[in-house]
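> The following block contains the structure, expressed as structure tokens.
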Amino acid sequence: MVDKLKKIWVDGEMVNWDDATVHVLTHSLHYGVAAFEGIRAYKRAGSASGVGAGTHIFRLKEHIQRLADSCKMTLLTPRFTKEQIETACVELLRANGMEEGYLRPLVYLGDGAMGVYAPNNPVRTTVIAWKWGAYLGDEALAKGIRCKISSFARHHINISLAKGKITGQYTNSVLAKREAKLAGYDEAIMLDAQGYVSEGSGENLFIVKKGVLMTPDLSSSILEGITRDTVLTLARELNIPVQETRITRDQLWLADEAFFTGTAAELTPIREVDNRAIGDGVVGPITKRLQARFFDVVRGADTTHADWLTKV
Ligand code: PMP
């Protein structure tokens, strides 16, 4: 359950939590065309001299750019600029007195016409914030999780928009996640329509083989994850060889290490896939190094990526 906070930003106004409701004729509720984002704010330790300390939103600009991209792809024209939505994110955390939290901007088609086309329905924008700890649990971050290749394939690139974070597309994620959980696993891994490894229900996937870090390339059916980009950047800075490439199911089973990345999932190690241990079934050394670097950058003392941080 999400804990109730004070305010939700709705079309330019700070509205009381209980008053942020929608009409049942809301077009997006019926047909699933709405763009959204998931963003984290961390209370950072900052450097010894205090630089970079306090609450910062991680990679806010990149997330709001992806929101704009999702809107562009679905022909949604928000009434607010990217800068206004960024400001709303900052002000919402302040209005709720939050030092850490998760932000959920959402652009959706409101009520009016009920046909699929509905070109004149109002485009609504909202930003919600809530407290969210480790998405897959603290133990998952420390020890890794057990995954199952889903019986659901990831959307084909000519069926939906893999590069968009669009609400209706998440039926695929919800079905895959439920299937995995009901079968006793922590998370699903989906293959694409050609049978190559794609991503999790809400995470990008990486493997390590013989010291090389590998992840599916952007021409595949994956979301262009911002955490994925963060980890690729940090790996290159650590001189870890990186390949963006196709990965097969058996390459995944035979990997030395594997992990998920995502704003919610952060950097979660994978210790088992389809009842096969990944490597020795424990968190591997490259995963550990990257996870430590990641947490140092988002909430620790690292100040080398100041351009990724927006002060609240
Ligand atoms: N893939 C999917 C399907 C997702 O929903 C997410 C979460 N936004 C990701 C990957 C990871 O993206 P990011 O690192 O930008 O949160």
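The values are calculated or read from the model by the stated rules, or taken from the named source; none is laboratory data. Just so it is clear, the structure is predicted and the values come from calculations on it, not from any experiment. Cβ coordinates were reconstructed from backbone atoms using ideal geometry, including for glycine residues, and neighbour counts include every protein chain displayed.
> Restricting the range 187-207 to residues that are in contact (Cβ under 8 Å) with a residue 12 or more places away in the chain and surrounded by fewer than 21 Cβ atoms within 10 Å (Cβ to Cβ), which is farthest from GLU37 (Cα to Cα)?
Step by step, filter the range 187-207, then rank; the result is GLY195.
> Something else: Of all the residues that make up the range 39-92, how many are under 30 Å from ALA162 (Cβ atoms) and in a helix (DSSP H, G or I)?
Total meeting the criteria: 25.
> Restricting attention to the range 140-151, does a residue exist that is modelled with pLDDT of 95 or more, in a loop (DSSP other than H, G, I, E, B) and within 16 Å of the ligand (Cβ to nearest atom)?
Yes, the range 140-151 contains a residue that is modelled with pLDDT of 95 or more, in a loop (DSSP other than H, G, I, E, B) and within 16 Å of the ligand (Cβ to nearest atom).
> Still on this structure: Look through the range 251-271, keep the residues that are within 8 Å of the ligand (Cβ to nearest atom) and touching a strand residue (DSSP E or B) at 6+ places or on another chain (Cβ under 6 Å), and return whichever of them is farthest from GLY281 (Cα to Cα).
Selected residue: THR263.
> Would you check if GLU179 is in a strand (DSSP E or B), without any contact (Cβ under 8 Å) to a residue 60 or more places away in the chain and within 16 Å of the ligand (Cβ to nearest atom)?
Here the answer is no, as GLU179 does not meet what is asked.
> How many residues are of a type in the set (Gly, Ala, Ser) and under 23 Å from LYS82 (Cα atoms) if we restrict to the range 11-52?
Residues that pass the stated criteria total 8.
> Which of the following residues is modelled with pLDDT of 95 or more, farther than 22 Å from GLY225 by Cα and in contact with a His (Cβ under 8 Å, 6 or more places away or on another chain): LEU109, LEU92?
The conditions single out LEU109.
> While we're on this one: Evaluate the following for GLY262: is it small (Gly, Ala, Ser) and surrounded by 22 or more Cβ atoms within 10 Å (Cβ to Cβ)?
Taking the combined requirement at face value, the residue satisfies it.
> When GLY52 is evaluated against the numbered criteria (1) surrounded by 15 or more Cβ atoms within 10 Å (Cβ to Cβ); (2) more than 18 Å from VAL298 (Cβ to Cβ), which criterion, by number, is the only one it fails?
With respect to (1) surrounded by 15 or more Cβ atoms within 10 Å (Cβ to Cβ); (2) more than 18 Å from VAL298 (Cβ to Cβ), GLY52 is out only on (2).
> Can you give me the number of residues within the range 189-214 that are assigned to a strand (DSSP E or B) and within 11 Å of the ligand (Cβ to nearest atom)?
6
> Need the failing condition index for LEU103 against (1) within 16 Å of the ligand (Cβ to nearest atom); (2) among the hydrophobic types (A, V, I, L, M, F, W, C); (3) out of contact with any helix residue (DSSP H, G or I) (no Cβ under 8 Å at 6 or more places or on another chain), just the number.
Result: LEU103 fails condition (3) only.
> Okay, next question. Exactly one condition in (1) within 21 Å of LEU252 (Cα to Cα); (2) in contact (Cβ under 8 Å) with a residue 60 or more places away in the chain is false for VAL212; which is it?
(2)
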